[in-house]
Every structure is written in structure tokens, then in C-alpha cells.
Amino acid sequence: MEYTPPPAKPQLSSRANAFSIAALMSSGSSKDKESPESTIKPLEQFVEKSSCAQPLSDLSSLDPHGDFSSSPSSLCTEPLIPTTPIIPSEEMAKISCSLETKELWDKFHELGTEMIITKSGRRMFPTIRVSFSGVDSEAKYIVLMDIVPVDNKRYRYAYHRSSWLVAGKADPPLPARLYVHPDSPFTGEQLLKQMVSFEKVKLTNNELDQHGHIILNSMHKYQPRVHIIKKKDHTASLLNLKSEEFRTFIFPETVFTAVTAYQNQLITKLKIDSNPFAKGFRDSSRLTDIERESVESLIQKHSYARSPIRTYGGEDDLGDDSQGTQSRGRKMCSSDGLGM
């Protein structure tokens, strides 16, 4: 049987060819290919182009709570940490940083840490507390903290799977802020003897915030970072970190998802059980027996259930709303229910 080749496809005009299936598919795939700049990891992209007209902060302009002054001009909303990795000087390379209450952070990280954000600002629990070694005892240092996106995704919590799922692309980035520790500058001798606690850092979703709180998007994942800068003599303010000697430290176990209300009930229970100031919530019956046993077994896996540190501030360290919530006897049903 003689083989008959199929008839040749008719040639299309250039205009008609543009609307062919192959052309449309190729154009669609080309749009999916992002430029090299847009494929930079968000953790790097978030902190590039470090130029800011205003000083990061005149150290004398910090109020007693460690926030920036209320004047909008005192807030630098551009990131100051350069993208290109900078090899620290020999002196700065000797500095090491340790995360205090690491076991407490590990417990939350195992479940997927969540942090409440509110319009007025909410303190973090657990708190970022660090200690330094290898510093020059006679030098002065400024310690800062910022929080940057982990990726370019927005998340949602799947209750039927008890896990976080990608819900789409991230919302537009919010103004970047660095939180200067209110006790800065520290002497090296002070840093060798004491830990540095960021218990007064507040998280907000208010884009118009003028209190120096760190602005975050809800349902996005974030990574806190700690920076230590060697303070130069005869300089009272920071103009640009490119010209400063500094080191940055990241602790992966402190990654968290920003939320306006807790999504995972196990996180809620663990925060209550780990928080010395959450007595008013310990009798909550929202958890099932199985969920309660899961959290209790998780707590028992570690050496302690609560942070051993009690010396930082009073009950207000945990959040603005915790005392008011306890006095009113209100049940934990929204983001206003916990100051954690």
C-alpha cells in the first residue's frame, strides 16, 4: 500500500501568523519569564538601593518606648541595608549573636509561628532577645532590628489540612522600617554582660503609622533580622549603612506569618501556655481534647514550657490589650483577645 503524505499546511500571512495557537502560546510563556531583577529573592530585593535623604534616626529623637519621634520627617521609609553581600571587617567578623529562648522559638516554629498585627500595633510573642560575643569592650555599638518578607507570596490557612497554603502573589510591599533599640548606643562591655531584648517592638498593618511601628501585610511570611553597627566617633546619627561597619544575623526559627487573628488553634494554645501574662486565657475551652494533648506533648518534648526570663518590664510587655481583656473577662475570639 502506497503511503500518501499529508497535505502541506497552508502558509499564513505575517498578520494571521501572529494569532496562531503556537504564537499565542509562545507569547504567553515569554510573559511568564520575569526579568532578572524581579527574580531576586524578596529577602534581597527588599533591602536594595540603600539611599535615604533623611537620617535613619538621630539617637536623641527616640522616645522612651524606643519608637521614632512623631514627626514624619524623622522616619526613613527606604531600606538601608544594601543588597550586595558585604564582607565584614576582621573586627566585625569576630562578632557572634545568639538567640535567647531558642527552645521556645523552636516550639512555635514547629507549628508555624503566627504574630498578630493591629492598627494600633501589637508586641511580639515570643520576643526577639539576643546576646552578643566577640565585641570590642571599649567600642560603642548600635543594635537594630527589621523584618523582611520571606518570599513574594500571600498565604491562607487551610483548616481541613491544618497547614498554610499559597494563595497568590504578595501584596505590594509596605514602607520598610528599621527599629533602633532604645538603649543604643551600647558599649561593648554592656553587650558582653547583658542580652538585648526587643520586647517593645510593635507590629502594625496601618500604612499611615507614625509611631515607628513595623508595618506588615497580613497573611504574609516574614523574617526578623538583627543588625549590629559599630558606632563611629563624633557621629550622632546614621545616614547610610553602606558607610558603616555592620553585621546582620538571621535566625530561621523566628520566621512567622502576620495575621489579624490566630488561624491555628494550636498556636493559640501554645502562646497561652508559654506566656506568663496570659493567665486569663488558660481556662479557654476552645481546643478539643486531641488538640490539647498535641500541644501538651509538644511542650513536654522541650526542657521548659515557659520562657525562663521574667526580668523585662511588666505585664504590658506582652501587648496593649492583654490586661484589659482579662479584666473584662472577654473570651478569646479575635485579634483583640490576645496581647501576644
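In region 195-233, which residue that is over 16 Å from the mean Cα position of the chain (by Cα) and under 22 Å from V130 (Cα atoms) is surrounded by the most Cβ atoms within 10 Å (Cβ to Cβ)? Within region 195-233, the match that is surrounded by the most Cβ atoms within 10 Å (Cβ to Cβ) is I228.
A residue that is surrounded by 23 or more Cβ atoms within 10 Å (Cβ to Cβ) and assigned to a loop (DSSP other than H, G, I, E, B) occurs nowhere in region 104-112. Whether any residue in region 267-282 is within 30 Å of K230 (Cβ to Cβ), in a helix (DSSP H, G or I) and at pLDDT 95 or above is what I want to check. No: zero hits. Entry remark, region 113-144: residues being farther than 16 Å from K200 by Cβ, of a type in the set (A, V, I, L, M, F, W, C) and not in a strand (DSSP E or B) number 2 in total. Go through the residues of region 189-209 one by one and say whether even a single one is touching a Lys or Arg at 6+ places or on another chain (Cβ under 6 Å), under 15 Å from T127 (Cα atoms), of a type outside the set (F, W, Y) and assigned to a loop (DSSP other than H, G, I, E, B). Among the residues of region 189-209, at least one is touching a Lys or Arg at 6+ places or on another chain (Cβ under 6 Å), under 15 Å from T127 (Cα atoms), of a type outside the set (F, W, Y) and assigned to a loop (DSSP other than H, G, I, E, B), which makes the answer yes.
Of everything in region 146-161 that is farther than 15 Å from P175 by Cα and under 13 Å from the mean Cα position of the chain (by Cα), the residue that is surrounded by the most Cβ atoms within 10 Å (Cβ to Cβ) is V150.
Can you pull out every residue in region 89-105 that is out of contact with any His (no Cβ under 7 Å at 6 or more places or on another chain) and more than 10 Å from S131 (Cα to Cα)? Within region 89-105, S89, E90, E91, M92, A93, K94, I95, T101, K102, L104, W105 qualify.
Pull up region 245-264, narrow it to residues that are more than 14 Å from F108 (Cβ to Cβ) and surrounded by fewer than 19 Cβ atoms within 10 Å (Cβ to Cβ), then point me to the one that is modelled with the lowest pLDDT. Looking at residues that are more than 14 Å from F108 (Cβ to Cβ) and surrounded by fewer than 19 Cβ atoms within 10 Å (Cβ to Cβ), I get E245.
For P172, the criteria (1) touching a residue at least 12 places away in the same chain (Cβ under 8 Å); (2) within 16 Å of I214 (Cα to Cα) hold in every case but one, which is (1).
Within region 118-141, the set of residues being among the hydrophobic types (A, V, I, L, M, F, W, C) and surrounded by fewer than 23 Cβ atoms within 10 Å (Cβ to Cβ) comprises I128, V130, A139.
The values are calculated or read from the model by the stated rules, or taken from the named source; none is laboratory data. All of these numbers come straight from a predicted model, not from anything done at the bench. Note: ideal-geometry Cβ built from the backbone for every residue, glycine included; neighbour counts use all protein chains shown.
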